[in-house]
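What follows is one structure encoded as structure tokens, with my remarks underneath.
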Amino acid sequence: MKTLFSLVAGLYAILVTQFIAADTLRVVIENVASSEGNIMLEILSTEAEFNGESPAVAAIIQRAQTGKMTFTTDALPPGEYAIRVMHDKNGNGELDSNFVGIPKEPWAFSNNATGKFGPPKWQAAKFALDGESTQAIALNQ
């Protein structure tokens, strides 16, 4: 009986650990041209989040540093994600754009995805997180 209890407890621990285990995502932002303002990064786990219909699963804001910046999180379960990044040079918390909607501040998406006449689609920006993953993203100037 004691052996059966130990076996069941061991299996339960393995199953629970697999369901709550987080994977490590490392995001390297390249082409940060100045140290003005903040780099704002959003991690999106659904197409609705990507389209702005619901809040991002995670967001990170850090003072900009010229060159490359690295962000790491191990708080995400395995799954599909996309990343949206902007360099908020003036610190107003928004991606500033001109009168026709073209961004005036640097921006980028995971997979270095771009769109025609607007942001890329979820399908182009999403990636699988399973274990350790690194996304190298170059800011558009």
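Listed values, structure above:
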{"read-out": "³J(HN,Hα), Karplus 6.51/-1.76/1.60, whole Hz, each residue of segment 40-57, x for Gly, Pro", "value": "10, 10, 10, 9, 10, 10, 9, 5, 5, 5, 4, 8, x, 7, 8, x, 5, 5"}
{"read-out": "Distance in nm between pseudo-label sites at THR24 and ALA59 (7 Å out along the Cβ direction from Cα)", "value": "2.8 nm"}
{"read-out": "Mean residue ellipticity (222 nm) of the chain, computed from DSSP H runs ≥ 4 via -39,500 (n - 2.57), nearest 500", "value": "-5500 deg cm²/dmol"}
{"read-out": "Cα-based reach from LYS104 at 23 Å (exclusive), listing lysines while leaving out same-chain residues under 8 positions away", "value": "LYS68, LYS89, LYS116, LYS121"}
{"read-out": "For the chain, convex hull of alpha carbons as volume per residue, Å³", "value": "122 Å³"}
{"read-out": "Of PHE109, ALA56, ILE137, farthest towards positive along the dipole that unit charges on Lys, Arg, Asp, Glu beta carbons give the chain", "value": "ILE137"}
{"read-out": "Net charge of neighbours whose Cβ lies under 13 Å from the Cβ of PRO77, counting Lys and Arg as +1 and Asp and Glu as -1", "value": "-4"}
{"read-out": "Label point distance in nm, GLU132-PHE99, each placed 7 Å from Cα along Cα→Cβ", "value": "5.1 nm"}
{"read-out": "With Cα atoms, 0 to 90° folded angle of helix 2-20 axis to the chain main axis", "value": "10 degrees"}
{"read-out": "Net charge over other residues, Cβ less than 14 angstrom from the Cβ of ALA124 (K, R count +1; D, E count -1)", "value": "+2"}
{"read-out": "Burial ranking of peptide ranges 125-135, 37-47, 111-121 (average Cβ count within 10 Å, highest at the top)", "value": "37-47, 125-135, 111-121"}
{"read-out": "Where labels lie 7 Å past Cα in the beta-carbon direction, separation of THR72 and ALA124 in nm", "value": "3.2 nm"}
{"read-out": "Computed magnitude of the charge dipole of the chain (debye, nearest 20; Cβ of K, R +1, Cβ of D, E -1)", "value": "180 debye"}
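Each reported figure results from applying straightforward, stated rules to the coordinates on display, with no laboratory input. Source: prediction; values computed, not measured. Neighbour counts are summed over all protein chains in view; Cβ atoms, including those assigned to glycine, are modelled from backbone coordinates with ideal geometry.
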